[in-house]
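The values are calculated or read from the model by the stated rules, or taken from the named source; none is laboratory data. In this text, all values refer to a predicted model and were calculated from it rather than measured experimentally. With ideal geometry, Cβ positions are generated from the backbone for all residues, glycine too; neighbour counts draw on all protein chains shown. Side chains are part of the model used for accessible areas, which takes the heavy atoms of the whole protein and leaves out ligands, DNA and RNA. Shrake-Rupley method; radii C 1.70, N 1.55, O 1.52, S 1.80 Å.
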Amino acid sequence: MTSRLNPYLGFRDDARQALEFYRSVFGGDLRIGTFAEMGAVQDPADADKIMHGQLETTRGYVLMASDTPSSMSRSDTNNISMSLSGDGADADDLRGYFAALSDAGTVLEPLTQAPWGDEFGMVTDRFGITWLVNITVAPPTPHQATPHQPTPEQPEA
């Protein structure tokens with residue numbers, strides 16, 4: 001098996017809603033197991049909470065998430081952001097993801113041309129997760145990169 005590094009998102013009570021929302025954004029196969037289904041109920045109020053959920057998208061993205069049991073503390077702040085990036089071949093999908101994640105969320109930076117030349121935007125979705133979307137602009141061809149230099153066929157004026 002190949003090693004993978006995947007984000008694992010923690011929620012208080014709405015992991016199911018978040019994972020279903022992300023499936024509506026990215027598509028794919030969603031598997032969810034509750035504390036009751038996994039035989040890990042310590043507090044009956046946690047029985048239907050998500051002990052582990054995993055979304056495997058058609059693009060190969062993997063998101064994992066769970067609810068925090070009532071017996072555990074959970075910080076409402078984090079310093080983690082999700083980053084989606086690609087090039088022109090992915091541009092339409094990435095723009096669509098940005099639009100879908102923005103639904104009932106807060107756009108922090110509209111998806112526009114950034115100072116470094118790429119298309120970039122930031123949004124905090126309805127579940128409080130911040131997403132950065134970057135669409136890489138294709139590097140210029142040699143003729144585009146040096147438009148003012150003479151070619152062998154054109155003498156310098």
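Note on the range 59-124: with charges restricted to the Cβ of Lys and Arg (+1) and Asp and Glu (-1), its dipole about the Cα centre is near 240 debye. Put simply, the amide H of H52, placed in the peptide plane, has neighbours under 5 Å in G33, leaving out anything fewer than 5 places away on its chain.
Dipole magnitude of the chain about its Cα centre, charges +1 at Lys/Arg Cβ and -1 at Asp/Glu Cβ only, in debye to the nearest 20?
Values: 10 positive and 22 negative charges, 73 e Å.
It works out to roughly 360 debye.
Each label was represented as a point 7 Å from its Cα along the Cα-to-Cβ direction; for A89 and R74 these points are 3.8 nm apart.
Excluding F21 itself, calculate the net charge of residues whose Cβ lies under 11 Å from the Cβ of F21, where each Lys or Arg counts +1 and each Asp or Glu counts -1. Don't skip to the answer; put the middle values down first.
On the way: positive: R16, R23, R126; negative: D14, E20, D103, D125.
Result for the neighbourhood of F21: -1.
Taking the DSSP bridge list for the chain and keeping only pairs wholly inside it, about 70 percent are antiparallel. Candidates M82, G53, P7 compared by Cα position along the dipole of the chain: farthest toward the positive end lies G53, with charges placed on Cβ. Overall, the accessible surface of the range 1-60 at a probe of 1.4 angstrom is composed of carbon and sulfur to the extent of 49 percent. For the range 1-79, the Stokes-Einstein estimate of translational diffusion at 25 °C and a viscosity of 0.890 mPa s comes to 186 µm²/s, using the Kirkwood hydrodynamic radius over alpha-carbon pairs.
When +1 charges are put on Lys and Arg Cβ atoms and -1 charges on Asp and Glu Cβ atoms, the dipole computed for the range 1-84 relative to its Cα centre reaches about 340 debye. Accessible area per residue for the range 63-135 is 54 Å², calculated with a 1.4 Å probe on protein heavy atoms, without ligands, DNA or RNA.
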